[in-house]
Amino acid sequence: MSWGTELWDQFDNLEKHTQWGLDFLDKYAKFVKERLEIEQNYAKQLRNLVKKFCPKRSSKEEEPRFTSCIAFYNILNELNDYAGQREVVAEEIGHRVYAEIMKYSYELKAERKSHLQEGRRAQQYLEMCMKQMDSSKKKFERECREAEKAQQTYERLDNDANATKSDVEKAKQQLNLRTHMADESKNEYAAQLQNYNAEQHKHFYIVIPQVYKHLQEMDERRTVKLSECYKGFADAERKVIPIISKCLEGMVQAAKSVDERRDSQIVVDCFKSGFEPPGDYPFEDYSQHIYRTVSDGTISTPKPEVTRIDPKITMGKAKGKLWLFGKKPKTSSPPCSPGGVYGCTRPYYNMSDRDSVSEVLGKQRGASLRGLRRAGPALEDFSHLPPEQRRKKLQQRIDELNRELQKEIDQKEALNKMKDVYEKSPQMGDPSSLQPKIAETMSNIEKLRTEIQKNEAWLSEVEGKVSQRSERRHSAEANHLVAQGRESPEGSYTEDANQEGRIQTQPPVHTEFDDEFDDDDPLPAIGHCKAIYPFDGNNEGTLAMKEGEVMYIIEEDKGDGWTRARRQNGEEGYVPTSYIDVTLEKNSKGAVTYI
């Protein structure tokens, strides 16, 4: 049973079959790799589990003495050895199975490619011989038709009484020429046919069977290799079975070593005090004072004892009460934004400090809202980023542009030096040939310098805004410290024990921030916007919007990626700046002035 004789006309199918065999080999290699990773992870997890439950013996007093504890720790040791055997299995599979099968797969792919190329070359050569034979056949057929026409022409002129002798001679010569050419074409066709038949016999009985034989041997070797890998896979597991059995036997022995009587005796030895149990309590009669008679035959009312109250306990109670009614809760500070976004607290800021409030809002919204800012399209000046991120991006771009500029300057200097050398030694080169490159380098330098200046302008703008925000933030913090200085830090009780029942309360202190929150007048609109994308507005303080919805702008984006907007029905909230198309009114009287 040979592929060369049985499958002489199945080259394409054999090509597909051998490819399938290699794919199956790769599939099994992938299986082995994943099994290898499972064994490694399993062993690692077992070792971590043992390490987690092993006792941390800092002193001999903490060493376990109960047989159940000792047995458990022995089981942990056996389990650690078991994990080591799983590592041995993984290592054995990795070296004996996976590494060998990957190497063998690589060799088989190269061998298959060589055999298929040889088979294709044989087919191409046979097709070339067939084309040559077919061409000679067609030529022979064409020459025979031409000779037949020349024969008919000669016979017609020879039988024509009006034909001249010269015409008859020409026709005869043409007939002889065509007959000669037909004979040559016949001989050529016969030679090509004989050659093709020989090559075809050689192809189907020698060349192709040899190629198919090599493919068959390769495929059979692949099958044998798979069989060996299957066996090696099982042998890797079988080799560790004796040691694993010993580990399991050790666990069983540890379980058998548990002695409940001994553990009970250890408990007795550990906690036994040696004292005798207490005896019965005697009866104490307190009724003798009730029946005692006094003068005048009346029962005197005993003077109640004066219970002294511990001033510490009283003071503790007073502290608790005074905290409830006199001390100002820390959560009474104003919210982060006029709408009370997220109900968070922060130091007192003046409401005119819009940038500071926007910065606090940007920090309080968290990572989920920062993700929305990233959803917008990136701009050239990075204005879609927060100020600090924008400054970093611009500085990074400026550094890159400076490096590129330095490269161009170095290249220009090198070209100028080369030009000087060419001018001094014309035999080394033409100086004018470097002029286009120098001009291009100068143009690149100018472009880079312009780009650097533009980015530096943006950077200075960002740094100016950041410094202004820092100054305003320090000013707001100073105002906050002054406002806190007017409050009593505790102001609810005194440490004097004679005045512990006295409660002092102070009227609440209102700041400018509180006054701003008490103002219910809505902010004026400074423009309008149109939603480019829909926004669900699930987070507190944000405003949901639909695509194409038009709203009023009441506060611009201050660098945190959010713009405050208002609907037609008066509902306000923050929306992502990258999700809207903003149009501001240049001469709006309601424009907000930032201090």
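The values are calculated or read from the model by the stated rules, or taken from the named source; none is laboratory data. Note that the structure is a prediction, hence the values are computed from the model and not measured. As a convention, Cβ positions derive from the backbone with ideal geometry for all residues, glycine included, and neighbour counts pool all protein chains shown. Keep in mind that these areas ignore ligands, DNA and RNA; they rest on the heavy atoms of the full protein, side chains included. Shrake-Rupley method; radii C 1.70, N 1.55, O 1.52, S 1.80 Å.
Computed quantities for the displayed model
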{"item": "Pairs where the first residue, in the stretch 102-117, is closer than 28 Å to GLU34 by Cβ and the second is open to solvent by 80 Å² or more (accessible area, probe 1.4 Å), C-beta under 9 Å, 6+ apart", "result": "MET102/LYS33; TYR104/ARG221; LEU108/ARG221"}
{"item": "Check on VAL97, among the β-branched types (Val, Ile, Thr) and within 28 Å of GLU249 (Cβ to Cβ)", "result": "no"}
{"item": "Looking only at the stretch 548-569, and only at residues there that are small (Gly, Ala, Ser) and touching a strand residue (DSSP E or B) at 6+ places or on another chain (Cβ under 7 Å), the one that is most open to solvent (accessible area, probe 1.4 Å)", "result": "GLY548"}
{"item": "Which numbered condition ALA83 fails, given (1) closer than 30 Å to VAL252 by Cβ; (2) at pLDDT below 90", "result": "(2)"}
{"item": "Check on TYR82, within 25 Å of ASP219 (Cα to Cα), open to solvent by less than 60 Å² (accessible area, probe 1.4 Å) and in contact with a helix residue (DSSP H, G or I) (Cβ under 8 Å, 6 or more places away or on another chain)", "result": "no"}
{"item": "Checking ASN74 against (1) at pLDDT 90 or above; (2) under 39 Å from the mean Cα position of the chain (by Cα); (3) surrounded by fewer than 17 Cβ atoms within 10 Å (Cβ to Cβ), the condition it does not meet", "result": "(2)"}
{"item": "Test result for ASN539, open to solvent by less than 60 Å² (accessible area, probe 1.4 Å) and polar (S, T, N, Q)", "result": "yes"}
{"item": "The stretch 142-164, residues that are open to solvent by less than 100 Å² (accessible area, probe 1.4 Å), over 14 Å from ASP183 (Cβ atoms) and modelled with pLDDT of 85 or more", "result": "THR153, TYR154, GLU155, LEU157"}
{"item": "Residues located in the stretch 7-31, provided they are loosely packed, with under 14 Cβ neighbours inside 10 Å and more than 24 Å from TYR106 (Cβ to Cβ)", "result": "ASP9, GLN10, ASP12, ASN13"}
{"item": "The stretch 173-225, subset surrounded by 14 or more Cβ atoms within 10 Å (Cβ to Cβ) and among the β-branched types (Val, Ile, Thr), residue nearest to LEU108 (Cα to Cα)", "result": "VAL211"}
{"item": "Qualifying positions in the stretch 230-264 - part of a helix (DSSP H, G or I) and of a type in the set (Ser, Thr, Tyr)", "result": "TYR230, SER245, SER264"}
{"item": "Complete set of residues in the stretch 570-595 that are at pLDDT below 85 and surrounded by 11 or more Cβ atoms within 10 Å (Cβ to Cβ)", "result": "LEU584, GLU585, SER588, GLY590, ALA591, VAL592, TYR594"}
{"item": "Checklist (1) under 19 Å from CYS247 (Cβ atoms); (2) touching a residue at least 60 places away in the same chain (Cβ under 8 Å); (3) crowded, with 17+ Cβ neighbours inside 10 Å applied to GLY4, failing item", "result": "(1)"}
